[in-house]
Amino acid sequence: MDRLACVDVPSLPLQLLLRREPEARAHPAAVVDRDHPQGQILWVNERARRLRVLPGLRYSAALSLAPDLRAGTVSAREIEAGVRQLETQLRQWSPEIEPARDEPGVCWVDASGLGRLYASPRLWGEAMVAALAREGFAAAVAVGFTRFGSYAVVRSRRCGVCVFADRREERRAALRVPLDVLAIEPALRERLDQLGVQRVGAFLRLPASGVRKRFGEEAHRLHRLAAGSLWAPFAPSAPEVSLRRHQFWDTPESDVHRLVFAVKRLLGPLLDELASRQEALCELELRLVLDRRGAVCTERVRTATPTLDALQILNLVQLRLAGLELTAGVVELHLDARARRVVSKQLDLSLGAPQRDCASADRALARLRAEFGEDCVLRAQLRNGHLPEACFAFERLERVPEAEPARVSPGNLVRRIRARPLPLRPRPRHEPDGWLLRGEGHGPVVRCSGPYVLSGGWWTGRVHREYHFAETRDGGLAWIYYDRRRQRWFLHGRVE
């Protein structure tokens, strides 16, 4: 009989936050969508849930329920990396894994055909939970027969392993699951709670047509999934292909050109194998074992797009190795190539380039990353923040976006914000000769407009700033503020 297991790493983004900030484990903790008092709660731990801090609340409202709530944001990049790490770990226990699209941390695992490897499904599940615990993830596993049944039960368990003997037992357990542990909209959860519908069994007793008419399509889809009338096939994701090649030296090698030539010899057969699979290389990891008590140097180069162009890849490798300062010669070279399946058109190198060749720009960015590191190419992105320095953030630029020209009116002033405000000289009490804000070279302040008060920040730390625009004699316009708590002036930027 086919078995399907559901693995749940409860609140994966929250676990990633707690791994990053372990001191928050002793407090109610939550992940919010933005660093703002009106930010929405997305995930909470058990301490916060016991205080009725639930997903969907605003951060300011949650603080009224749990004054010592610790909250933070987790980027989509961090969540994606956590899901990849989880999927990689689970592939050690089953070759077929299907991560949930909308719930990071939930995966369905094919548990069929493992009877010859493990004495029982429980031992298999316990081994999987123990392996995830070693990686820092608390997980629960439900080994059942249906997608919704295993999912509902595992969501109601925060840890451990649950194994069902047959479909009937799984069905009975799923009907007892509270609705508030499932990933449903907070508004729907509240409306059902007002009707006294708090468990899956009570929800299924509602007529399907009435659920669709009164609560909408999402509720109707959940009702059909729970009833078993909406069937979705098991669709495991394709594993990321990784190919390895090795080179060993009896005499330590330290010449960069000979190292690059060794990479070239290994790269040729590797690219031929990828081409036979209709795949192309997107990242190459070089692991250099040094002749110094097993010291290892690991470097990665990423191509702009999946490619089989050996010259382009070797160019990136040479740029990366040229910037290394090895403390000893290399005795082992290990190449680990990560590839992606592509269509034949993507492998065609004879396609005509458009007027604005974004692919060439992407290759230029890949060369910069190879020579100076992954964080050398960044772009600014606007954020919803209360303080000026929290209103934007820099993130990695993977590819050059398509041009979207916009009309810009001439003469607009641009405010350039410093990454860290610069403390200024104390302002004279009477200012007989004017305030030398930025030193004698810029002259004294001749005009000052303000104050523009920014106060708040009680959710993280009290803030009271009085911003001014100060014009100096040389025509410069500085953006300054007086911090009431520190009783000091700061230069936060300038206007150009």
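Residues that are surrounded by 15 or more Cβ atoms within 10 Å (Cβ to Cβ) and under 16 Å from LEU243 (Cβ atoms) within the stretch 274-301 comprise LEU274, GLU279, ALA280, LEU281, CYS282, GLU283, LEU284, GLU285, LEU286, ARG287, ARG300, VAL301, listed in sequence order. Across the stretch 139-173, the qualifying residues are those that are modelled with pLDDT under 90, under 24 Å from the mean Cα position of the chain (by Cα) and assigned to a loop (DSSP other than H, G, I, E, B), and the one among them that is surrounded by the fewest Cβ atoms within 10 Å (Cβ to Cβ) is CYS159. Within the stretch 419-462, the set of residues being modelled with pLDDT of 80 or more, aliphatic (A, V, I, L, M) and under 30 Å from TYR59 (Cβ atoms) comprises just one member, VAL453.
If you go through the stretch 84-104 and keep only what is farther than 13 Å from GLU135 by Cβ and either in contact with a Leu (Cβ under 6 Å, 6 or more places away or on another chain) or part of a helix (DSSP H, G or I) (or both), you end up with ILE97, PRO104. Number of residues in the stretch 128-156 that are within 14 Å of VAL177 (Cβ to Cβ) and either small (Gly, Ala, Ser) or without any contact (Cβ under 8 Å) to a residue 24 or more places away in the chain (or both): the value is 7. Among the criteria (1) out of contact with any helix residue (DSSP H, G or I) (no Cβ under 6 Å at 6 or more places or on another chain); (2) on the phi > 0 side of the Ramachandran plot, the one GLY136 does not fulfil is (1). Set side by side, the residues LEU266, LEU259, LEU243, LEU270 differ, and just one is out of contact with any Pro (no Cβ under 8 Å at 6 or more places or on another chain), within 22 Å of ILE97 (Cβ to Cβ) and surrounded by 13 or more Cβ atoms within 10 Å (Cβ to Cβ), which is LEU243.
Here's the yes/no breakdown for (1) free of Cβ contacts under 8 Å to residues at least 24 places away in the same chain; (2) in a loop (DSSP other than H, G, I, E, B):
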| residue | (1), (2) |
| --- | --- |
| TRP43 | no, no |
| PRO55 | no, yes |
| ALA61 | yes, no |
| ASP68 | no, yes |
| GLY82 | no, no |
| VAL109 | no, no |
| TYR118 | yes, yes |
| TRP124 | no, no |
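Going by the structure shown, is LEU188 among the aliphatic types (A, V, I, L, M), within 30 Å of the chain's Cα centre (by Cα) and not assigned by TED's automatic domain parsing to the domain that holds GLY125? Yes; evaluated as a whole, the condition is true for this residue. The listed residues are ALA208, ALA219, and the only one of them that is touching a helix residue (DSSP H, G or I) at 6+ places or on another chain (Cβ under 6 Å) and either among the β-branched types (Val, Ile, Thr) or within 25 Å of ILE41 (Cα to Cα) (or both) turns out to be ALA219. In the stretch 277-291, what residues are more than 23 Å from ALA304 (Cα to Cα) and not in a strand (DSSP E or B)? Listed by number, the list holds a single entry, ASP291. Scanning the stretch 385-413 for residues that are modelled with pLDDT under 70 and under 30 Å from PRO37 (Cα atoms) yields GLY385, HIS386.
Going by the structure shown, is ARG205 in contact with a strand residue (DSSP E or B) (Cβ under 9 Å, 6 or more places away or on another chain) and at negative phi? Against the criterion (in contact with a strand residue (DSSP E or B) (Cβ under 9 Å, 6 or more places away or on another chain) and at negative phi), ARG205 does not qualify.
Flag: ALA183 does not match the condition of being hydrophobic (A, V, I, L, M, F, W, C), farther than 12 Å from ALA226 by Cα, part of a helix (DSSP H, G or I) and outside the structural domain of GLN89 (by TED's automatic domain parsing).
Considering (1) within 30 Å of ALA310 (Cβ to Cβ); (2) at pLDDT below 85, the lone condition that PHE234 does not fulfil carries the number (1). Cβ-Cβ contacts under 8 Å between residues 6 or more apart (or on different chains), taken from a first residue in the stretch 24-36 that is farther than 15 Å from ALA390 by Cα to a second residue that is among the acidic types (Asp, Glu) and in a loop (DSSP other than H, G, I, E, B), are listed as HIS27/ASP68; PRO28/ASP68.
Being over 12 Å from LEU16 (Cβ atoms), surrounded by fewer than 17 Cβ atoms within 10 Å (Cβ to Cβ) and small (Gly, Ala, Ser) is not true of SER75. Among the residues of the stretch 239-246, is any at positive phi, at pLDDT below 85 and touching a strand residue (DSSP E or B) at 6+ places or on another chain (Cβ under 9 Å)? No, because not a single residue in the stretch 239-246 is at positive phi, at pLDDT below 85 and touching a strand residue (DSSP E or B) at 6+ places or on another chain (Cβ under 9 Å).
Exactly one residue among LEU319, LEU365, LEU333, LEU324 is at pLDDT 75 or above, assigned to a loop (DSSP other than H, G, I, E, B) and either surrounded by 11 or more Cβ atoms within 10 Å (Cβ to Cβ) or not assigned by TED's automatic domain parsing to the domain that holds VAL256 (or both), and that residue is LEU324. Those residues that are touching a Ser or Thr at 6+ places or on another chain (Cβ under 8 Å), at pLDDT 85 or above and part of a loop (DSSP other than H, G, I, E, B), I need them from the stretch 4-38; list them, please. Once the filter is applied, which keeps residues that are touching a Ser or Thr at 6+ places or on another chain (Cβ under 8 Å), at pLDDT 85 or above and part of a loop (DSSP other than H, G, I, E, B), the stretch 4-38 yields only ASP33.
The values are calculated or read from the model by the stated rules, or taken from the named source; none is laboratory data. These figures come from a predicted structure and were not determined experimentally. Virtual Cβ from ideal backbone geometry, glycine too; neighbours counted across all protein chains shown.
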